[in-house]
Amino acid sequence: MDTSEKTEVVLLACGSFNPITNMHLRLFELAKDHMNATGKYRVIKGIISPVGDAYKKKGLIPAYHRIIMAELATKNSHWVEVDTWESLQKEWVETVKVLSLAVQQDSGHEGPTVESGDLLESFSVPNLWKIEDITQIVANYGLICITRTGSDAQKFIYESDVLWRHQSNIHLVDEWITNDISSTKIRRALRRGQSIRYLVPDLVQEYIENHNLYSSESEDRNDGVILAPLQRNIAEAKHNSTA
């Protein structure tokens, strides 16, 4: 297919990036390779959108630092960039709203397609997502899922009527060069004084060390606090049931 006939696609990854790792960056490359290999699409941009502080996840350090680390990680990338809008909002913002804004900013291009290794599995967590938001994401934007070791993405699709109905918009990508790096493991290594070199970009490692970002104290941040989406969705469900 001629390049001019291919649909231009923007890839968007939302998440904590606490901290950003080499695996996060690898996900973009895998997603890009997969979409381009279909012969139907041409990936023109990748966007990293760190979640804001109001998400209230345990151990989540201030967005200010997470933004800087993401920018350092993508400093030498010619196609992946950081969008700070979500990070700077005072209240937690639903992923579907971030997607909608990204579409407005990149008008004329399809997507963006969400690419994630664990987003699909998170859809099954009670009250974490609204069913209408899940439907809108997979129906209107699409999803690229990079399969992780031990995960069964196909099973999650089979067990969900919504995902099954829109499975043509869900791209499952196998990572044959397995990589089990995670932000959680990076933080654990740092708390124990272990090296994280070659697990995160060098500039990110340097920034973490210079600012002493991750410790036992930082891991207790938001301890006992309910995640913002759970708080909001449970409250709305109670309101609707009594209305």
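If the condition is being surrounded by fewer than 18 Cβ atoms within 10 Å (Cβ to Cβ), among the hydrophobic types (A, V, I, L, M, F, W, C) and part of a loop (DSSP other than H, G, I, E, B), then the range 127-180 contributes Leu128, Trp176, Ile177.
Selection of the range 222-236 for residues being more than 10 Å from Lys56 (Cα to Cα) and of a type in the set (Gly, Ala, Ser) yields only Ala235.
The set of residues in the range 10-42 being touching a helix residue (DSSP H, G or I) at 6+ places or on another chain (Cβ under 8 Å) and either more than 16 Å from Asp83 (Cβ to Cβ) or of a type in the set (Gly, Ala, Ser) (or both) consists of Ala13, Gly15, Ser16, Asn18, Pro19, Thr21, Tyr41, Arg42. In the range 191-200, is there at least one residue being in contact with a Gly (Cβ under 6 Å, 6 or more places away or on another chain) and at pLDDT 95 or above? No: zero hits.
Exactly one residue out of Ala70, Ala102 is under 30 Å from Gln205 (Cα atoms), part of a helix (DSSP H, G or I) and in contact with a Phe, Trp or Tyr (Cβ under 6 Å, 6 or more places away or on another chain): that is Ala70. When the residues of the range 168-192 are filtered to those that are in contact with a strand residue (DSSP E or B) (Cβ under 8 Å, 6 or more places away or on another chain) and of a type in the set (A, V, I, L, M, F, W, C), the one that is nearest to Tyr141 (Cα to Cα) is Ile170. Of all residues in the range 134-165, those satisfying the criterion of being aliphatic (A, V, I, L, M), farther than 24 Å from Asp180 by Cβ and under 17 Å from the mean Cα position of the chain (by Cα) are Ile134, Ile137, Val138. Just one residue in the set Pro62, Pro50 is under 17 Å from His211 (Cβ atoms), crowded, with 22+ Cβ neighbours inside 10 Å and without any contact (Cβ under 8 Å) to a residue 60 or more places away in the chain; that residue is Pro50. The residue that is modelled with the highest pLDDT, counting only those in the range 1-25 that are out of contact with any strand residue (DSSP E or B) (no Cβ under 8 Å at 6 or more places or on another chain) and assigned to a helix (DSSP H, G or I), is Met23.
Just one of (1) under 17 Å from Phe123 (Cβ atoms); (2) surrounded by 18 or more Cβ atoms within 10 Å (Cβ to Cβ) fails for Pro201. It is (1).
The values are calculated or read from the model by the stated rules, or taken from the named source; none is laboratory data. In this text, all values refer to a predicted model and were calculated from it rather than measured experimentally. Counting neighbours? That spans all protein chains shown, and the Cβs are built from the backbone with ideal geometry, glycine included.
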